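Some notes on the structure that comes next.
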Amino acid sequence: MLKINNLKDGDIITVDDDGLMREGTVVKVSPAEHQALVDNGIQEFWYDQEDMHGVPLDEMQLSRLGFTGEDKEGGVKYKRDSFRVFLPEKGNFSKIEMWWREDRRHFDFPLSVHQFQNLYLDMTKVHLDKV
């Protein structure tokens, strides 16, 4: 379950659509109703907070967001323009270092795609969408 206050328009999440898990994009958030309007690929529908879940950040998701990877120092560095993400251990997304200009951040827990998108927005002031 996601906290509704952590969602922003354009965030990529998973929704429970009558027992079928679908990836979708947040269109609009209603904190007062604890719901979000999500485009689930078939239609836009209002989902309750308990029906929304994070999509784990992994190599495939970074690629869908326009990042390219290269092996570095036993880990992997992913790049998109001047934004960088470094995994000290290849394939281990529970330790992540990211930076843009002088802003450097370290995380010792796995991030969801929507959390990563919101961090990217906070650091660059540009929303991160799929390419």
Selection within segment 5-21 - over 21 Å from Val126 (Cα atoms) and surrounded by 15 or more Cβ atoms within 10 Å (Cβ to Cβ): Thr14, Val15, Asp16, Asp17
Does segment 105-115 contain any residue that is acidic (Asp, Glu), in contact with a strand residue (DSSP E or B) (Cβ under 7 Å, 6 or more places away or on another chain) and not assigned by TED's automatic domain parsing to the domain that holds Asp16? no
Restricting segment 21-50 to residues that are of a type in the set (S, T, N, Q) and not in a loop (DSSP other than H, G, I, E, B), the one farthest from Gly10 (Cα to Cα) turns out to be Gln49
Which listed residue is within 15 Å of the chain's Cα centre (by Cα) and in a strand (DSSP E or B), from His53, His114, His106: His53
Please find, within segment 78-107, the residue that is nearest to Met123 (Cα to Cα) out of those that are of a type in the set (A, V, I, L, M, F, W, C) and in contact with a Phe, Trp or Tyr (Cβ under 6 Å, 6 or more places away or on another chain). Trp100
The listed residue being without any contact (Cβ under 8 Å) to a residue 40 or more places away in the chain, loosely packed, with under 13 Cβ neighbours inside 10 Å and in contact with a Lys or Arg (Cβ under 7 Å, 6 or more places away or on another chain), out of Glu33, Glu102, Glu89: Glu89
Flagged in segment 59-82 as within 19 Å of Lys8 (Cβ to Cβ) and either basic (Lys, Arg) or exposed (fewer than 15 other Cβ atoms within 10 Å of the Cβ) (or both), in numbering order, are Arg64, Arg80
Within segment 45-58, which residues are farther than 16 Å from Leu128 by Cβ and either of a type in the set (S, T, N, Q) or surrounded by 14 or more Cβ atoms within 10 Å (Cβ to Cβ) (or both)? Phe45, Tyr47, Asp48, Gln49, Asp51, Met52, His53
Considering (1) on the phi < 0 side of the Ramachandran plot; (2) without any contact (Cβ under 8 Å) to a residue 60 or more places away in the chain, say which one Lys130 fails and leave the rest. (2)
Could you go through segment 5-23 and let me know if any residue there is under 16 Å from the mean Cα position of the chain (by Cα), assigned by TED's automatic domain parsing to the domain that holds Ile96 and at positive phi. no
Considering only segment 61-71, I want to know if a residue exists there that is part of a loop (DSSP other than H, G, I, E, B), more than 17 Å from the chain's Cα centre (by Cα) and either over 22 Å from Lys130 (Cα atoms) or not basic (Lys, Arg) (or both). no
Selection over segment 117-129 where residues are in a helix (DSSP H, G or I) and within 22 Å of Ser94 (Cβ to Cβ) yields a count of 6
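The values are calculated or read from the model by the stated rules, or taken from the named source; none is laboratory data. Note that this is a predicted model, so its numbers are computed, not measured. Note: ideal-geometry Cβ built from the backbone for every residue, glycine included; neighbour counts use all protein chains shown.
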